[in-house]
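The values are calculated or read from the model by the stated rules, or taken from the named source; none is laboratory data. In this text the structure is predicted, and so the values were computed from the model without any measurement. Counting neighbours? That spans all protein chains shown, and the Cβs are built from the backbone with ideal geometry, glycine included.
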Amino acid sequence: MSLKNTLAHPTHDSPSASQRGWFVVAALLGLTAVALGAVASHALADPLAARAVERASLYQLIHAVVLLFAAGLTGYLALGARCFLLAGIILFCGSIELKYLFSVTNASAFAPTGGVCLMLGWLLLGASALRRGKPNN
């Protein structure tokens with residue numbers, strides 16, 4: 001089906017309970033990313049902290065949108081991508097936000113692991129797309 005036909009005649013398959021759960025998680029991550037970005041812009045006096053939290057909230061927002069997209073995909077590779085993206089958001093973005101908003105100085109130790117999780121999420125998302133492109137899949 002072409003993109004034009006897809007837009008003109010969208011399918012009305014209702015999402016599964018699992019997909020709805022992922023949609024809700026992605027929406028909540030997007031909501032908190034915007035809120036944290038506002039806090040960074042308006043409530044943090046330290047410019048270094050403000051910049052770090054703004055960057056973490058931007059990464060969180062971008063990956064929340066990717067997670068929202070990935071929630072609509074099926075298959076074990078897409079599930080793996082969602083899990084790694086969620087873990088990456090929590091470990092990477094969350095550790096930076098904890099460090100600068102709540103003075104949890106050791107929290108940033110989890111950021112590298114979170115960054116690797118985000119990369120693995122993207123890798124599995126790409127693998128999922130390649131797998132979908134094969135005949136009989």
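Taking the criterion of being surrounded by 17 or more Cβ atoms within 10 Å (Cβ to Cβ) and in a helix (DSSP H, G or I), the residues of segment 69-78 that qualify are Ala70, Ala71, Leu77, Ala78. The condition of being over 12 Å from Leu29 (Cβ atoms), part of a helix (DSSP H, G or I) and out of contact with any Pro (no Cβ under 9 Å at 6 or more places or on another chain) does not hold for Gly94. Each residue in segment 118-127 was checked for being surrounded by fewer than 21 Cβ atoms within 10 Å (Cβ to Cβ) and either assigned to a loop (DSSP other than H, G, I, E, B) or not aliphatic (A, V, I, L, M) (or both), and 2 of them qualify.
Residues in segment 56-98 that are within 21 Å of Thr113 (Cα to Cα), among the polar types (S, T, N, Q) and over 13 Å from the mean Cα position of the chain (by Cα): Ser95 alone.
Residues that are modelled with pLDDT under 95, over 22 Å from Thr32 (Cβ atoms) and of a type outside the set (Gly, Ala, Ser) do occur in segment 109-131, at least one of them. Scanning segment 42-74 for residues that are over 18 Å from Lys99 (Cβ atoms) and free of Cβ contacts under 8 Å to residues at least 24 places away in the same chain returns His42, Ile62, Phe69, Thr74.
With the requirement that a residue be of a type in the set (Ser, Thr, Tyr) and outside any helix (DSSP H, G or I), what does segment 97-117 give you?
Within segment 97-117, the first condition is being of a type in the set (Ser, Thr, Tyr), and the residues that meet it are 100, 103, 105, 108, 113.
Of everything in segment 97-117, just one residue is of a type in the set (Ser, Thr, Tyr) and outside any helix (DSSP H, G or I), namely Ser103.
Per the listing Val53, Val104, Val25, Val39, the residue uniquely surrounded by 19 or more Cβ atoms within 10 Å (Cβ to Cβ) and either within 11 Å of the chain's Cα centre (by Cα) or not charged (D, E, K, R) (or both) is Val53.
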